[in-house]
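A.B. asks: Sharing a structure with you now.
The values are calculated or read from the model by the stated rules, or taken from the named source; none is laboratory data. Here the structure is a predicted model, which means the values were calculated and not measured. Note: ideal-geometry Cβ built from the backbone for every residue, glycine included; neighbour counts use all protein chains shown. Each accessible area value is taken on the protein alone, full model and side chains, heavy atoms only, with ligands, DNA and RNA left out. Shrake-Rupley method; radii C 1.70, N 1.55, O 1.52, S 1.80 Å.
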Amino acid sequence: TDSTARLWWVANNKHAKLRILPIFYISETPLCGNYLEFIKLLGIPENHLHRLVDITHFHSVYLPDVCFDNHRVSLKFSKEYVSLINKVLNHRSKIPLPKKIFLVKKNSRRQICSEDVYKIITKHGYVMIHPDELSVPDQLSLFQNAESIISEESSLSHNFIFCRDGTKVVILRKANTINIYQALINQLRKLDVAYIDCHLSIMIKQRHRGPFFLYANKNFCEYYI
């Protein structure tokens with residue numbers, strides 16, 4: 001989303017000359033793991049990436065405008081951002097994956113989900129998946145293959161940006177707040193989306209930080225039973 005919002009030129013052949021230039025970025029830690037793998041799938045060599053850690057002087061700098069913007073009014077994304085994501089989708093794997101998936105973060109300390117929620121969802125034929133255990137190509141394949149997905153509203157559901165247009169998704173709201181990122185992603189992929197309020201927010205100390213507790217309340221049970 002915002003972290004890749006200035007990379008749209010990678011998917012635009014008009015700006016091919018920029019690909020030979022070094023790319024500088026600001027981050028608390030160097031790019032690694034799936035973040036680095038994602039960047040490399042865009043066709044950016046690792047040796048072109050340079051993390052800024054000190055005050056630095058440049059003779060000239062290209063600063064691309066953002067193509068995914070949730071910080072100003074009106075909220076928007078551009079066709080260049082869609083092209084960027086579609087470019088990455090060309091690198092998905094071909095492993096067999098379930099059509100109905102329930103996304104769960106592994107060993108999360110901020111998100112707590114009651115056993116009743118797990119039992120009801122798996123009873124409806126959904127397979128529990130920990131996306132963080134998969135490589136980026138396998139995750140891309142997971143979302144492109146899925147016909148129906150259930151996820152809490154979080155960075156997990158932001159991965160719906162890799163779904164096929166019109167995919168059926170159910171988002172379990174974990175707090176009484178609106179996630180603007182998710183609203184834009186839902187529009188971008190034209191998702192068939194349903195929201196379920198099944199959270200208990202009385203313990204939340206800071207917005208978006210939790211702890212969050214999901215349980216099989218009346219809203220959840222009326223939807224699935």
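A.B. asks: Counting only DSSP beta bridges with both residues in the chain, tell me the antiparallel percent, nearest 5.
C.D. replies: Roughly 20 percent of the DSSP beta bridges within the chain come out antiparallel.
A.B. asks: Pick out, from G33, A5, H15, the residue whose Cα sits farthest towards the positive end of the charge dipole of segment 1-41, with +1 on the Cβ of Lys and Arg and -1 on the Cβ of Asp and Glu.
C.D. replies: Farthest towards the positive pole: H15.
A.B. asks: With every protein chain in place, what's the accessible area of S83 (1.4 Å probe, Å², nearest 10)?
C.D. replies: Its heavy atoms expose roughly 60 Å² to the probe.
A.B. asks: Also, quick follow-up: Would you work out if segment 1-91 is rounded, prolate or oblate? Take a ≥ b ≥ c from the square roots of the eigenvalues of the alpha-carbon gyration tensor; rounded if a/c is under 1.5, else prolate when a/b is larger than b/c, oblate otherwise.
C.D. replies: rounded
A.B. asks: Next question, about the same structure. In segment 1-94, which trypsin sites (Lys or Arg not before Pro) fall in coil by DSSP and have 13 or fewer other Cβ atoms within 10 Å?
C.D. replies: Values: sites: R6, K14, K17, R19, K40, R51, R72, K76, K79, K87, R92, K94; in loops: R6, R72, R92, K94.
Hits after loop and neighbour filter: R72, K94.
A.B. asks: With a 1.4 Å probe and all protein chains kept in place, how do Y118, Y215 rank by accessible area, largest first?
C.D. replies: Descending order: Y215, Y118.
A.B. asks: Just the number, please: carbon plus sulfur as a percent of the accessible area of the chain, 1.4 Å probe, no ligands or DNA/RNA counted.
C.D. replies: Values: 7230 of 13410 Å².
On the chain, the fraction of accessible area on carbon and sulfur atoms equals 54 percent.
A.B. asks: So how much accessible area does L200 have, in Å² to the nearest 10, using a 1.4 Å probe?
C.D. replies: That residue has around 70 Å² of solvent-accessible surface.
A.B. asks: While we're on this one: Where does each of T167, T29, T122 land when they are ordered by accessible area, with a 1.4 Å probe and the largest first?
C.D. replies: T29, T122, T167
A.B. asks: Could I ask something else about it? Roll a 1.4 Å probe over the protein chains and send me the accessible area per residue for the chain in Å².
C.D. replies: Details: 13410 Å² over 225 residues.
Value for the chain: 60 Å² per residue.
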